[in-house]
Amino acid sequence: MLHLTSVASALPGEPVGNDELEERFGLSRQWIETFIGTRTRHFAADLATGKATHTLADLCRQAAERALDRAAVDPGRIGFVVLATATPDALMPTTAAVVADRLGVTGAPVYQLQSGCSGAVQAFALADALIGAGARAGLVMGGDVCVKHLDLTREFRRMPPGELVNYVLFGDGAGAAVVTAEPSGASGASGAVVRLRAAVHRPVLPGHAPGQRVEWYGAADRAGGGSPVTEDYKAIEHRVPELSERICTELLDGLGWSGQQLHYLLPPQLGGRMTARIAAGLRERLGAERAEEVSCVAETGNTGNALVLSQLERLLALMTPGQRALCACVESSKWIAAGFGLEAS
C-alpha cells in the first residue's frame, strides 16, 4: 500500500496579478476576474524580456528537495523516480533523469510520463504498482513550464479567444511527493498517516476531437505557422463537469465510500471560477455537502501536472486521522478522466 509521506511544491518568481497582465499585455483585468477567476500565476520567464528564468528541472529539483527534507528521507533511499509532464525541457535527456542526477538519486529506475494534468495521477498509479512490486520508497513529481509555448511578443488585441485564454489560464510550477511502502511518521495534521487508495485513469470520450493541443516544433516544421497551443474552452466548460462526476462516482463505488463520508474534495483545477462551479456541483450530486474544497488554481494558475501535487500539499496540512478525501482530474487533450482516494489513520 502506498503511503503519502510528504508533498512539496515550487513556483517560479513572484506572483503575477491581473493588473500586471492588463498593463503588460492589454488583457482586461475585469474580463479575467469575471470569466476566468484566476487572481495570480507564476511564470518561468521574465515578462518584460521573454527570457527564461527557470527550467522544469530547476522547479522539480526545488520541490523534490523540499519533499525529501520534510520526509527526512535521504536521496539514497529512493528506489524509483517518476515525473509526469507535458512540457519537458528537452526530448532527450529526459527531465526526470536530469532531476534524479541533480538530487543524487543513483542506481534507481527513472520514468517520465508524457501527459497533461492527468499525468500526476498516472505517476501515482505507477508508483503504487512499483511499491506493490517491492520498492520501499520513491519520488513522484509533476510539473510544467507552459510559458515557453506562449509568444509574449504577440499583438494580444487581435488574438482569437481560443489562443488568448491560454495567456490567462496557465502558470508554471512543479510538485513532488515522497511515497513509501510503510508509514514513515506523520504526514497529515494531528499525527495522521495518509495512504493513497485506488488511483485510476483512462480516456473516456473515444472519437471526440481533442479539447487541447500543444505542438512540438522541430527545425523542419517551424515555418508552418499556427499557434503552438490551442484550446476548445467551450468544450472544456461543457464536458469537464460531467466527466468529473463520472470519475468521482466510479471511485466512490470502487472504494465502497459514500459522498457523505468525504471530508475533502480535490476537484479538477481549470480556472478559479470554473473550478468553484465544478466543486459545488460535485458536492451536490455526490451527496458530499460536508466535503471541503481543496483548490490552488486561483493563486497558482493552471500549472498542469503540478496541480494535483499542489492540492495534496494543502490537503496534508488539514487531514486528521479518520478522514477521507477524493481527488478528481480531467485532462482535456484526449479527454482522460483520473483520480484517487486518500484515507488518514
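Derivation of every value follows stated rules applied to the coordinates shown; laboratory data play no part. Everything numeric here is computed off the predicted structure, so don't read it as measured data. Because the Cβ atoms are built from the backbone with ideal geometry, glycine has one as well, and the counts that use them run over all protein chains shown.
Between Gly259, Gly134, Gly143, find the one with the highest GNM mean-square fluctuation for the chain; connect C-alpha pairs within less than 10 Å. Comparing Gly259, Gly134, Gly143 in a Gaussian network model of the chain, the most mobile one is Gly134. Computed about its Cα centre, the charge dipole of the chain is approximately 340 debye, with only Lys, Arg, Asp and Glu carrying charge at their Cβ. Count Lys and Arg as plus one, Asp and Glu as minus one, and take only other residues whose Cβ is under 11 Å from that of Leu2; the net charge is then 0. Neighbour counts of C-beta atoms inside 10 Å place Ser118, Ser345 in the sequence Ser345, Ser118, starting with the fewest. Using +1 at the Cβ of each Lys and Arg and -1 at the Cβ of each Asp and Glu in the chain, identify which of Leu56, Ser227, Ser258 lies farthest towards the dipole's positive end. Positive-most Cα among the choices belongs to Ser258. Other residues within the sphere of radius under 10 Å centred on the Cβ of Val193, judged by their own Cβ, net out at -1 (K and R +1, D and E -1). For the chain, the membrane-span-like helices by this rule, meaning whole DSSP H stretches whose C-alpha atoms cover at least 24 Å of axis and whose Kyte-Doolittle mean is -1.0 or above, are 233-255; this says nothing about an actual membrane. For the range 3-180, the relative contact order works out to 34 percent when only alpha carbon pairs closer than 8 Å and six or more residues apart are counted. Residue exposure proxy: Thr153, Thr303, Thr249, Thr320, ordered by other Cβ atoms within 10 angstrom of their Cβ from fewest to most, comes out as Thr153, Thr320, Thr249, Thr303. Please list, by residue number, every one of the GluC sites (Glu not before Pro) in the range 280-345 that is coil in DSSP and has at most 15 other beta-carbon atoms within 10 Å. Sites meeting the loop and neighbour criteria: Glu289. Given charges of +1 on the Cβ of Lys and Arg and -1 on the Cβ of Asp and Glu, with all other atoms neutral, how large is the dipole of the range 3-180 about its Cα centre, in debye to the nearest 20? The calculated dipole for the range 3-180 is roughly 240 debye.
Given a cut-off of under 8 Å on Cα pairs at least six residues apart, what relative contact order in percent is computed for the chain? 26 percent. By other beta-carbon atoms within 10 Å, ranking Val81, Val73 with the fewest at the front produces Val73, Val81.
By the Stokes-Einstein formula, at 1.002 mPa s and 20 °C, the range 3-180 with its Kirkwood radius over alpha-carbon pairs has D equal to 125 µm²/s.
Among the chymotrypsin sites (Phe, Trp or Tyr not before Pro) within the range 185-288, those in coil by DSSP and having at most 12 neighbouring Cβ atoms inside 10 Å are Trp216, Tyr217.
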